[in-house]
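Notes follow the structure.
The values are calculated or read from the model by the stated rules, or taken from the named source; none is laboratory data. What you see is a predicted model; the values in this text were computed from it and never measured. Note that each Cβ is placed from the backbone with ideal geometry, even for glycine, and that neighbours are counted across all protein chains shown.
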Amino acid sequence: MVSKRTHFGRAGEYHAMSELLLRGWNVAVPVVDVGDDAFVIDDRDKTTRRVQVKTAKAEPIEGHTESSGARRLRATFNLSRQQLRTPQAIELFYMLLVRLPASWRFLVIPRRDLFQMREAHVATARTSPGRRPRSDEDATTDTLISAVDVELETNVAHGWGGALDRYLDRWPDELWVVEGGPGSVGSGSAAEPPMPPSAGDPSR
C-alpha cells in the first residue's frame, strides 16, 4: 500500500460511500468541503443524514497479543471539537475506517454518542500516565482537534475509556437499509416510507 496521505483519505471516503450506496442510500458530496464529507438521502421521502469519514491505519500495540495469536491494534482519529459538540437539524454520523493490511473495518457512531463519550472521558480522573484531554472550555485555537485512539481486538473495540463494540462493523438504526423507491426494480419499486429496523434486525 502506497504512503500517500491524500490518496489514503480519499480511498476511505469512497469505501464509505460505496457501503452506503449498497445499503440503498443516495450519496451527495459537497462541492465545497466545510466539514461534511457526504450527505446521504433516502430517496423515498428525502430523509437526509450527514456523514463525516475519518480514516486511519491500524498499528500493532507492542506487548499486547490476544490468546489467538493476533495482535491488539490501535488507530488514531483526529476530530474537530466544534463539529463534535455542535448539534444540527440534520444530525451527523462519524464513520471511522480502520485500514488493516488488506481490508477495512469500520465504526459508525452518531455524533451525540461520540460527544457524550468524550465528555465522560474528559470528566474522569486519569489513573494512568499521560495528560487528560482538555475540556472545550480549556481549548485554545491550537487545540481545536481532539484525538481518539480506537483499540481493536478481533470483535472488541475501545476508545476514550469506553466500549465501542456496539458500533464495530455495525450500522445504527438511523442508517437503515433502504428498500424500494426510485431506482429499484421489481415489485418493490413503488416509493414507501422508511422502516427503520429494530435493534435486533439482522439486516444491520
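Summary table
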read-out: Residue among 182, 193 that is more than 14 Å from the chain's Cα centre (by Cα), at pLDDT 90 or above and under 16 Å from residue 45 (Cβ atoms); value: 182
read-out: Some residue of segment 91-105 being more than 20 Å from residue 170 (Cβ to Cβ) and not in a helix (DSSP H, G or I); value: yes
read-out: Test for residue 50: is it surrounded by 13 or more Cβ atoms within 10 Å (Cβ to Cβ), farther than 29 Å from residue 120 by Cβ and either polar (S, T, N, Q) or under 18 Å from the mean Cα position of the chain (by Cα) (or both); value: no
read-out: Members of segment 117-171 found to be assigned to a helix (DSSP H, G or I) and at pLDDT 55 or above, listed by number; value: 117, 118, 119, 120, 121, 122, 123, 165, 166, 167
read-out: Unique match (being closer than 24 Å to residue 80 by Cβ and at pLDDT below 95) among 37, 33; value: 33
read-out: Residue in segment 90-109 that is modelled with pLDDT of 95 or more and farther than 25 Å from residue 12 by Cα present; value: no
read-out: Filtered residue count, segment 162-184, keeping only those that are closer than 19 Å to residue 116 by Cβ, small (Gly, Ala, Ser) and exposed (fewer than 14 other Cβ atoms within 10 Å of the Cβ); value: 1
read-out: Condition check for residue 23: at pLDDT 95 or above and of a type in the set (D, E, K, R); value: yes
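Residue-wise test of (1) loosely packed, with under 12 Cβ neighbours inside 10 Å; (2) among the aliphatic types (A, V, I, L, M).
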site	(1), (2)
20	no, yes
39	no, no
60	no, no
63	yes, no
